[in-house]
Amino acid sequence: MFRAPLRTFATSARQTLKIGLIPADGIGKEVIPAAKEAIVALGSDIPKPQFIDLAAGWETFTRTGVALPEETVQVLKNECDCALFGSVSSPSRKVIGYSSPIVALRKELDLYANIRPVLSQLTIIHKSNVLSITDGLFRETVRGVPDATGKYGDVTIAEQLVDSAVYRLFREPEIFDVMVAPNLYGDILSDAAAALVGSLGLIPSVNAGDNFVMGEPVHGSAPDIEGKGIANPIASIRSAALMLRHLGYTKGADRLDTAVDQVVREGRYLTPDLKGTSTTREVLDAVLGKL
C-alpha cells in the first residue's frame with residue numbers, strides 16, 4: 001500500500017495533540033468517530049490526543065443559516081494542531097447563503113494542496129487546448145516551479161489532457177507517479193482511481209498547507225446508507241494516518257496503515273461497498289484488533 005513522503009511540520013515534545021473533529025453530514029458522523037477510536041488506540045506512539053468537536057456542513061446550515069460557523073474557524077486556527085473532516089451533503093441546486101464549508105476551510109486555513117494517495121502511483125492534468133486562460137495558467141505555473149524555486153530539477157514533468165488521462169488511468173495506471181490537477185479534474189481522477197482499488201470507501205486525503213493539516217476521506221456523505229451502520233471507516237482511518245504522518249508521527253501512522261492493510265487483505269471483515277457484509281463497527285473492531 002502507499003506510503004506518502006509528505007512534508008512534515010516541525011514537531012516539538014508535545015504533551016497533547018489537539019485534534020478538531022468535524023463530522024459534518026451523512027456518514028461523516030459515523031466514520032469520523034471510528035477514526036477517533038483508531039487514533040486513541042495508538043497509545044504512546046503519539047501525544048495524548050485531545051478531541052474538540054466542531055460544527056460545519058449542510059445540516060449546520062439548515063439549523064443556523066451558516067455552513068461554516070466562525071467559531072469553528074477560530075478554534076481550528078487558535079486551538080487545534082490538526083483536524084479531521086467528514087463529508088458534506090451540499091445541495092445540487094443553488095441555495096442563497098450556502099457555500100461549501102470544506103472549500104471555505106481550505107481557504108481560511110490556507111490548505112493549498114489536497115493530497116489523495118491511491119497506490120504507489122508529476123504529470124500535469126489540464127484542458128488548456130480548450131481552457132487556454134485558466135488551465136493555461138495552471139500549466140505554466142506548475143512548469144515554472146523548478147525555475148522559480150531552484151528545486152525539483154530531478155523531477156520529470158509530463159502533461160496529459162484530462163479526458164485522455166482518465167482513459168490512460170484505467171488502461172495504464174502504472175505510467176503515473178504523481179498527478180497534479182485543479183480541483184475539478186482532481187475530483188474526477190481520484191474517483192476514477194478509486195474504482196481501480198475497489199471503492200471510494202478506501203481512499204483517504206489530507207488538506208495540507210504550511211501550518212496546518214486536515215484529514216478528509218474522499219467519499220461523500222452517502223445519504224442512501226446513512227444511519228445503517230455499514231459505512232466503510234477505512235478511508236477515514238487512512239486519512240487519520242496521513243494526517244499523523246504529515247505531523248511527523250510516522251510510527252503511529254504506519255501502525256494504522258498496516259492494520260488496515262491486514263484487514264483488507266484477509267477479506268473477512270469488509271463493508272458492502274467491498275462486496276462484504278460487515279458493519280462499520282465490525283470493520284473498526286477488526287482494525288483495532290490488529291493494532
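In table form, for the structure just shown:
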| quantity | calculated |
| --- | --- |
| Count - residues of region 167-198 that are under 20 Å from the mean Cα position of the chain (by Cα), of a type outside the set (D, E, K, R) and exposed (fewer than 14 other Cβ atoms within 10 Å of the Cβ) | 5 |
| Qualifying residue in region 143-156 (condition: hydrophobic (A, V, I, L, M, F, W, C), farther than 30 Å from residue 237 by Cα and touching a strand residue (DSSP E or B) at 6+ places or on another chain (Cβ under 6 Å)) | no |
| Of all residues making up region 218-254, the number that are among the hydrophobic types (A, V, I, L, M, F, W, C) and part of a loop (DSSP other than H, G, I, E, B) | 6 |
| Of the criteria (1) touching a strand residue (DSSP E or B) at 6+ places or on another chain (Cβ under 9 Å); (2) more than 30 Å from residue 285 (Cβ to Cβ), which one residue 89 fails | (2) |
| Qualifying residue in region 70-83 (condition: at pLDDT 90 or above, in a loop (DSSP other than H, G, I, E, B) and surrounded by fewer than 20 Cβ atoms within 10 Å (Cβ to Cβ)) | yes |
| Selected residue (only one of 75, 162 is of a type in the set (A, V, I, L, M) and touching a helix residue (DSSP H, G or I) at 6+ places or on another chain (Cβ under 8 Å)) | 162 |
| Options 220, 229, 201; residue that is surrounded by fewer than 18 Cβ atoms within 10 Å (Cβ to Cβ), under 14 Å from the mean Cα position of the chain (by Cα) and either in the same structural domain as residue 267 (by TED's automatic domain parsing) or within 24 Å of residue 253 (Cα to Cα) (or both) | 220 |
| Verdict on residue 105 being under 30 Å from residue 66 (Cα atoms), at pLDDT 80 or above and not in a helix (DSSP H, G or I) | no |
| Any hit, region 139-151, residues being acidic (Asp, Glu), closer than 21 Å to residue 185 by Cβ and modelled with pLDDT of 80 or more | yes |
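The values are calculated or read from the model by the stated rules, or taken from the named source; none is laboratory data. Treat the numbers as computed from the prediction; the structure is a model and nothing was measured. All Cβ positions, even for glycine, are placed from backbone atoms using ideal geometry, and neighbour counts span all protein chains on display.
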